[in-house]
Structures are given as structure tokens and as C-alpha cells.
Amino acid sequence: MDLDNLIQIMQLCHSYDPNQVKEAERLLKEDSLLPRHAEKLLYIAAKPEVDLAVRQIAAINLKNFVKKSWAAHVPRPDAPAEFSIPDEDKVVVRENIFDTLLRAPHVVQTQLGEIFKVIIYEDFPEKWPGLIEKILPCLSQQDPILLHGSLYALRIVCRKYEFRSEEDREPLDNLINLIFGPVLTVFKQLLAQPAETPGLAPFLKLCCKVFWSCTYLTIPSKLMEEEQFSGWMTCLHTALLAPAPQEALDSNEEARPQHPWWKFKKWVMHISYRLFSRYGMLSTRGEDADSEKAFATRYNSQCMIPFIDACLTLIEQLTKGSYLSPRVVNVLFQYLGTAVRSKQSYKRLGPHWDGLLHNVAFPLMCFNAQDEQLWNEDPHEYVRKGYDLVEDMYNPKTAAANFAHDLCEKDKKHLQAFMGMIAGLLAKASAVPVASLSKADAWRLDGALLAVGCMCGLLKSKKPYKEQLGHMLVTYVAPCFQSPHAHLRAKACWLAGVFCDVKFHDGCGSGATFFSFFEQVVRCLTDNDLPVKMDAVVALRSFMEEINDSSQVEPIVPQLLTTIFGLMDTVDNEDVVFTLEAIVEKLSDRIVPYALQMTQQLAAAFWKYISSSETEDDADDDSASVGIYSCLRAFNTLLESVSSQPELYLQLEEPLFPIMQKLISADGQDVMEEVLEMLSYFTYYTPTITDRLWTLWPQLEKGLLDFGMDFWENFLVPLDNYISRGKERFLTSTNPDYMASVFKMVQESLVGDYAESELTNAAKLLEVVLQNCRGQVDQWVGPYIQLVMTKLARSENRRLKDMLILVVANALYYNAQLTLTMLTQAPGGVGGFFQTWFQFVFESKKNGEPKHFRRQYDKKVCILGLAAVMACPDEALPPEIVGGMPQLLAGITRLLVQLKKQQEEDEEAYNEGEEEEEEEEGEEGGEGGDNEDDDDEEVAEENDADVLAELEARRSRRLKSLMDGDNEESDDECSDDEFTDDEEVMTPIDEVNPFELFAVTLMGVQQSWPARYQQMMGAADANAQQSIAGMVTYAQQLKDKAAAEAAAKQQQE
């Protein structure tokens, strides 16, 4: 297609006739598969004679085309080949894109910039070696169009390396050496021009953004050259103090922050703050590169004080009514917060700190006209901004509050002075009837309450404040619940939640005072103002977490839930869901009657978040992701709370199944743990696994194989439940074939190139089948053994090797004769496998603890497998086993002795814990009342801390003993689950007593194969025979004890 026809087609894209638009899009798609398509689109975008709208369409089409087809695609065998732009077309685009970018109008240049970025990230510098040499001459041109375009291009190039690690930054270092000098010259020239110069700010901003990208992660050596260091620091200092042009001050209040000048000033402030906080603090340099240490030294001696003084100048301008944009003010206070931590800057600002806090920071913390306007005109937006982490991070009020906290934490004299001022404001406000407080006084009171809340950590931990908090809340906060100023009611809710864990005169988490605040917060849930409701529901979560006697809440549960559900319909905020979750956790069984309604309401909120995540921008998508996660957490809390009434699961499945169906896929990777936990509840507690739940199995298989290797532990739980609770269907179904599916999942995991540390749970799935389906999966024993033995031969991870041996041990317990036959055909054979197994059984660490099979469960499985081999008839035993029977008896005896010791240690530890709990309860019962002095309280706290420390020390010694602490193995192989049995996990072998099984098996060998018995016992020395006899005696003791307990229970009944 020639250019003229292509231009005409693009003109049709603007048609009001949808059929013409559709036809134009079809023709464009056809042309995109032909050579020179990218070249033609670039030519149209660059041609001044073409209508601007058409040029913009060409640029947009080229952008989408380049994003999709510039990079080379790795072909997939299961997908059609994807089109890639021919190399000869790429050459033409690379040769012309910069020149086109330079002179394009803004609406076109923005699109071309995206194209330029894609090509830079793919091809620079390897396939575009002469680009920088083409850009640099434009920096010295007087033509502002060329200058802006070249700075814009440099910014894109530098940004490619902004977050790159040191080893990937060599091209940036070379680039900096070429561009720093010319860009600095341009920066100086621009700063020398009057601020009123039209279009100046965007050029200044681009210079700053180039510098930012070049210095984001490290200080380049080029910057440490005398001319460069002094030049850049002087320019940044000058830029900080540069007065704003009048047009940046005259624009209306809403548009003013978006003026290019304030965007430029924001970048200057950002750079100044980052240079100071990341590179300028000598005390934090540590093992940094020499250039960064040199920079810190030089910055401290030459720049710190001038930049601090510049910040003071900006603060002075602010106090005199001069305008600074919110983002500039925000970063300015972040800068001051960092200055608090620097000895040199703290000393320099010594006389100014309290003035900055009282006269500048505090007024920013107060409620203001902008807050009032947003509250009244758009309360939903007020709530969104108040609970949006990104908005909060950029808010000047937040930065001022953080600065106040940092300064008061630095030295108690600042805290004393600030709290003195706050106390005066609170006292002044309390002297006036709450209904008579003026707007100005209400705004200041709001700031005072915010200040108190921001200092909560300090106030709760320091005298005399911690003793006065209860009185403060009752005297100054409680009246605000009745204020006609809605923002004070909201602040009262927030502050009550922040301090609901303090000790009132009549109790902590209980008592009349605590519940009076609780009731006030609940009342605010039905306030007329949405922000008050929102702060109330968040405070309610804190109260639910602290409340000791939840019975007082039970009567109002229906009211609470109705109100919260109504709020969920009004506002999409994950904090509402978190509060609902807290209510469920606290009230547990009492929430059961409302479970279905809560689930339905949460499901509706979930689908709203899903819709938002699929349609909104990145910021909203982050918020939606948090909402999705919070809903899933609440679902799982609800499911746990109704576990005592499994019949409810059938009702809850209705709203929750579509959610599981949606998320057990690539769409749910970020919340896969939560959604699999949900499925685990259903497959475990529901009376019968429904047909609908079974339809999720193929999704589980696909998800695991596509992206789920890191989630094997989470996938294992529902898969185990399907097999153990739906065994008949698992064994008989052919479409899908669940047994084949299990083998496929495990096979692809063990054969594939995955981290071995993630694969132990894959092997456990084979164990689940063998234990639950004894005598029913003979046809799979051979494939299991072949797969496991192949992996065992090349595995290097100790934990995985242990697990693979346990699979074989389970197979032996399943059917020893069949398994031994299959082992003879497997890699390594019977002899090789048992040699490895016994090596592991007898291998110890330096402290004598076993190196393998550390859990009681592991030892038990090994014992069952070895006992099954011991019980095989002579004709079923391979020659290697016949000759190794004495070693087999020695191995099983060693495992039994270790298991008995481990059980006794755990029982002793459990009894010690029970005794300590009883002692602590006795101490609590004997504590004095409120008349005890503070010293006694602190001594009691120290004693409690000592008890906890001793308990932790004992646990640490236990862990150290088991792990040996001598670096025999890497840390990632020494996690708690290696030697801690999960009491909540039930298996089909739980009722099998390994000691009794051993005794019965040994007696059976003695009776049926006396020669084998003599062979085994004859090879045992005196100590070994004593251990064997001890295990047989212990087995009888356990049997007698169990019989006595059963008789006693029967007698009681």
C-alpha cells in the first residue's frame, strides 16, 4: 500500500461511521504484515504537510506496532508464530526516529517518545552505536525545538539504566562521561535566563531528570571531578532558590501545582533530598563504593550547610505566605527529617528546630480550607485520599507529621516542648463548650489530635505521658464525638482506635471507660458524613483486636454487620474488609449465623475489585489488588470460623466457587496461596466434595505446571484432600484420569529444571496416594519407583533426597514384595537404594543428632517400610536384602531408639510449658491492684520478659542442637519444618504404632523364619540386643497403657 492510500485509510479512522472505522482497522492490520509498514507510519508521523490528527494516528499505530513486534519472539511449539518487524525496516526506523522526534509537535512527540523508548531498551547500545554522537550536537544549538528534543531523548536513554545493578551499568558510565559536561552547560545557561522566559521550566525539568537517572543508584565517578561536582551542586542550589515566575503564581489554586515551574522545582527538591539522604550521610556509608564515600565527605564539607540554609529560606518564604506546591513542601519536610538524623545538620539547625515544628510543621498538620472543600464537595475522594498509600506518601501533612515524630524522637526536649504546646491547645479547646468551638479553633484542635496520634509510639513508651493517656482520651477526645464539626468526630474515632490499647483507670481492653469509647465509635458508624464512618470502621478493627470480653459485643453484631455491609456498598476500601475480618476472628463461632450474608457481601466487593483491576490505571490497580487480597483473607477467616458446622460449606460454595474458578489460573498468581487455602477448607470440611469442586482439579494441574512450582506446598493441601476424602472418585474416574494427572504433575516437577528445594512437596503427593490407596494402585508403584529413583540418583538437595527415600519407604509399606521387584528394575537397583538408605539412617551430625529423617514422622515411615521388608517371605527377598538383614535390624532399631527419645523430649517440653503457664496464671492472680507504683510494674514487666527470654532460649538451644549450628549445611536447608511434626496434619498411618508393629514383626520373623531371626540377632552385639529387647518391652508397655485407657473410658461411659 502506497503512502497516499495509507493516509486516506488513517483519515477514515476519524470517521463517525463505525463500519468505515472497522474497515480502516482491517486494512491497517493487513498492511502491518507487509514490509516497510513501520517506515511508512514513521514517514507520515514526521511529515508537516499531513493533517496533525492523521500524524497522531500514525504515531499511535506505530507505537502499538513497535511494542508488539519490535522484539524478537521466542517461538512456542503450541502457538502460531508471531510477526516481528523485519531487520531492514528496523534499520530505517532507527536511522530516522530521533530526527522525527526532535521536531514533532507535542501530541506526536509523546507517542514517538514511547517508540524511541522501546527501541532504546531493545537495541541500545549494541545495535545503535552512533546515537549519542547524533544527539550531542543538538544540545549546543540555539534552536529550542532541537534542544528540547535532544534533552527528551537523553532522558529516555538514561532512564534505561536508572534501576540497573552495578554490573549492568557500564553503558551508563560511558554515557555519563559523554553527556554530563554538555548537559551541565545547558543547565547553567537555562538557569541564567529570567524565570519569566516562556517555556523555560520544561527544559530545566529535563536537565534534572537526566541527572536523576544518572545518579539514582550510585554516584558516578564523573560527578566527582571538580568542575562537575561544583557545577552541578551550584546549579541545584541555585535552582532551589530560583524565584517562581508570576504566571506560576497567578494560575488558579487547583491548576497551580501542575504548572511546569512547580514540576521543575519538585525535581530539584527530589534530587537535593536524595543526594543528602542516600549519599550525603557519612554515618551510613559503610561498605559503599569509594566514589560514594568521597561524595559524602565532600558533600558534608561543601554542600550540606548551603543546602540546609536554602531549605530554611524556602521555609521562611512559606511562613510569609509565599506559595510552594504540595509536592515541594512534602519533599522539603522529608529533607528536614533527614537533617534531624545528621549530627552536623542537626547542630546547624539547633536554634530553629522547635520553631520549625511549632510554627511551620504543626500548621500544616491542621485541618484546612482545602480539606474542608474536598470533604464537602467529594467525600468519597476525601476518603480515598486519606486511605491511599501513594496519596498519603505525597501529602505535605504526612511529611510534616513524620518530621514532627522524627524530631521528638531525636531528643526528649523537643517532645516536651511540642507536647506542652499541644496540651495548651487541648486545654483551651476543652474550656469552651464543644458546640461553641469556632471553625479556626476546631481546625487547630484537629491538628493537635493528629499530632498526639502521630506520637503514639513515643507517648505509650515514655514517662510521664504513658500514665496520662487514659485521662487525656477521656478529657479531650471523648467530647469530640459530640462535636458539630464532622472532622473532629472523625479524628476522635481515629485517635480512639490508635490508643484503645492503653490502660484506663478501670482496665485495659475492658471496663466502663473502654466500652464507652467503643460505643462512641460504633455510633459513628451511622454518622451522616462518610469520612466519619470510614474512620469509625477502621477504629472498630483496633477495638475488636483489643477487647477482652467479646460477649458484650454479641448483642450488637447484627447492627454492626448491617452497617458495615452498607458502607461496603458505598465505598470500595479494603480497610472495611479488614475490620470485617477482625470481627470474624474475635467472635468466631458467634458469627456463624451471619456467615452466608457476610460471604455474599464480600463476594460482591471482590468482583468490584476484580473489575477495577482489569480496567483502571496502575495506581488504582494496586488499590484493587490490596482489596482482592483482603477479601480472600476475610473469606478464609470466615471458612475457618464455620468449620464446626460443615453443612454450611455447601451454602458458602455457591458464592465462592466462581472466585476459586477465576483465580486458580494465571489471573490469581499474586494471591495463589490465599485461593488455595480457600479450596483447602472446602475440600477438607465440606461433608462430600461436590462435583463442582472436582471440576477445579484440571485447573489445579494446569496452574501448577504453568506457574505453580513455587506454590507446591499450597497445591499439595487441596490435592491431598481430594485424594483422601474422595478416594473412590480419584481411583475410578477416567475423564479426567486423576491418577495419571498426579503422575504428570510430579513427573514434570522432578524431571524439569526447577529448584530442588521446591520439589519435596511434589514427592509428598506420591506418598499421599500410596498411604490413602493401599492395595488399589499397584499399577502405579512401578512408575513411581522409576521416577523417584531416577531423581534420587542426581539430586543434591538433602531434604529432597530424604523425601524421595520416604516415598520408597511408603511404597514398601504399601506392598513390599511388589516394591522390591520394581526396585530391581530401577536405576541403582535394590542394593544401591538400601545402601543409600542405611547410610542416611546411620549418618549423624557432630553433636550426635541424626542428619537425616529428623521428624518423628520421617522416622516412623522408615520404620514401617523396613518392617514391611523384614516381614517378607524368603522367596520374595532379593539376594542383596537377604545378606543385609542384620543391617536392616540395626537400622530399624536405631530409628526406634531415636523416635522414643524424640517423643520423650517433646513430652517433657510440653509439660514444662504447661507448668510455666500455670505459674504465670498464678502470678497474674496474685498481682496487686492499681495502687502498685510504677517501679513494681516495671519489675513485673522485666520478670515477664525474663520468662519469655528463657523460653525462647530453650527453644533456640533445641533448634541449635537439631541444626548443629556448625554450618554443616546451608541455612535454606535448616527450616523448622524439618524437625517439627505438624500436629494438625492427619495421615492414614497415624493410628499405626511403630513400636508395636516392630515387636509383632520381629515375633513373626522368629516364628516363621527362625533362621533369618538367628541371622539378625546373632550379628547384633550385646548393646544392640539390649536395645532390641528394650523396644519390645516398650511396645508392650504402650499396648498395656492403651488397653487400660480404653477400659477406663468404657467404664466411664
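The values are calculated or read from the model by the stated rules, or taken from the named source; none is laboratory data. Treat the numbers as computed from the prediction; the structure is a model and nothing was measured. In this analysis, Cβ positions are derived from the backbone assuming ideal geometry, glycine residues included, and neighbour counts consider all displayed protein chains. Accessible surface areas use protein heavy atoms only, side chains included; no ligands, DNA or RNA. Shrake-Rupley method; radii C 1.70, N 1.55, O 1.52, S 1.80 Å.
Residue 153 satisfies every condition listed in (1) closer than 23 Å to residue 45 by Cβ; (2) in a loop (DSSP other than H, G, I, E, B); (3) of a type in the set (Gly, Ala, Ser) except (2). Here residue 400 fulfils each of the conditions (1) open to solvent by 10 Å² or more (accessible area, probe 1.4 Å); (2) closer than 21 Å to residue 448 by Cα; (3) small (Gly, Ala, Ser) apart from (1).
Scanning region 842-876 for residues that are more than 24 Å from residue 767 (Cβ to Cβ) and open to solvent by less than 20 Å² (accessible area, probe 1.4 Å) gives a single hit, 845.
Please go through region 1-22 and pick out each residue that is surrounded by 15 or more Cβ atoms within 10 Å (Cβ to Cβ) and in a loop (DSSP other than H, G, I, E, B). Within region 1-22, 1, 13 meet the criteria.
The set of residues from region 435-447 being over 34 Å from the mean Cα position of the chain (by Cα), crowded, with 17+ Cβ neighbours inside 10 Å and in a helix (DSSP H, G or I) comprises 442, 443, 444, 445.
Taking every residue in region 553-574 that is touching a residue at least 24 places away in the same chain (Cβ under 8 Å) and under 20 Å from residue 591 (Cα atoms) and pairing it with any residue that is open to solvent by 30 Å² or more (accessible area, probe 1.4 Å) and outside any helix (DSSP H, G or I), at least 6 positions away or on another chain, the pairs with Cβ-Cβ distances below 8 Å are 563/526.
Applying the condition of being touching a residue at least 12 places away in the same chain (Cβ under 8 Å), closer than 21 Å to residue 324 by Cα and aliphatic (A, V, I, L, M) to region 345-392 and asking which residue is most open to solvent (accessible area, probe 1.4 Å) yields 390.
Listed by first and then second residue, the pairs with beta-carbon distance under 8 Å, at least 6 apart or on different chains, first residue in region 232-246 and of a type in the set (S, T, N, Q), second assigned to a helix (DSSP H, G or I), are 238/191. Criterion applied to 491, 463, 428, 385 was being over 29 Å from residue 338 (Cα atoms), basic (Lys, Arg) and in contact with an Asp or Glu (Cβ under 9 Å, 6 or more places away or on another chain), and the one residue passing it is 428. Scanning region 568-586 for residues that are of a type in the set (S, T, N, Q), within 22 Å of the chain's Cα centre (by Cα) and part of a helix (DSSP H, G or I) turns up just one, 579. The requirement of being more than 56 Å from the chain's Cα centre (by Cα) and exposed (fewer than 14 other Cβ atoms within 10 Å of the Cβ) is fulfilled somewhere in region 1022-1032, by at least one residue. Residue 635 meets each of the listed conditions (1) at pLDDT below 90; (2) part of a helix (DSSP H, G or I); (3) open to solvent by less than 50 Å² (accessible area, probe 1.4 Å); (4) under 30 Å from residue 551 (Cβ atoms) apart from (1). Note on region 671-726: enclosed helices (runs of 4 or more DSSP H) holding 3 or more residues that are within 20 Å of residue 748 (Cα to Cα) are 697-707, 712-725. Among the residues of region 473-512, those identified as surrounded by fewer than 19 Cβ atoms within 10 Å (Cβ to Cβ) and among the polar types (S, T, N, Q) are 475, 482, 510.
For first residues located in region 820-835 and open to solvent by less than 10 Å² (accessible area, probe 1.4 Å), partners that are assigned to a helix (DSSP H, G or I) and among the acidic types (Asp, Glu) and lie 6+ apart or on another chain with Cβ distances below 6 Å form the pairs 830/880. Inside region 606-626, can you point out the residues that are modelled with pLDDT of 85 or more, farther than 22 Å from residue 683 by Cα and crowded, with 18+ Cβ neighbours inside 10 Å? Of everything in region 606-626, those that are modelled with pLDDT of 85 or more, farther than 22 Å from residue 683 by Cα and crowded, with 18+ Cβ neighbours inside 10 Å turn out to be 609, 610. Residues in region 314-344 that are in contact (Cβ under 8 Å) with a residue 40 or more places away in the chain, open to solvent by 50 Å² or more (accessible area, probe 1.4 Å) and more than 18 Å from residue 368 (Cβ to Cβ): 334, 341, 343, 344. All conditions but one from (1) open to solvent by less than 30 Å² (accessible area, probe 1.4 Å); (2) in a helix (DSSP H, G or I); (3) not small (Gly, Ala, Ser) apply to residue 219; the one that does not is (2). Pairing each residue of region 27-46 that is within 19 Å of residue 101 (Cβ to Cβ) with any residue that is among the basic types (Lys, Arg) and assigned to a helix (DSSP H, G or I), provided the two are 6+ apart or on different chains, yields C-beta distances under 6 Å for 45/55. Considering each residue of region 747-759, count those that are under 24 Å from the mean Cα position of the chain (by Cα) and either more than 18 Å from residue 700 (Cα to Cα) or without any contact (Cβ under 8 Å) to a residue 24 or more places away in the chain (or both), and give that number. Count: 4.
The residue list 453, 424 contains one member that is free of Cβ contacts under 8 Å to residues at least 24 places away in the same chain, open to solvent by less than 50 Å² (accessible area, probe 1.4 Å), out of contact with any His (no Cβ under 9 Å at 6 or more places or on another chain) and not in a loop (DSSP other than H, G, I, E, B), which is 424.
Could you tell me which of the residues 244, 201, 248 is in contact with a helix residue (DSSP H, G or I) (Cβ under 6 Å, 6 or more places away or on another chain), over 18 Å from residue 335 (Cα atoms) and not in a helix (DSSP H, G or I)?
Only one candidate passes the filter, namely 244.
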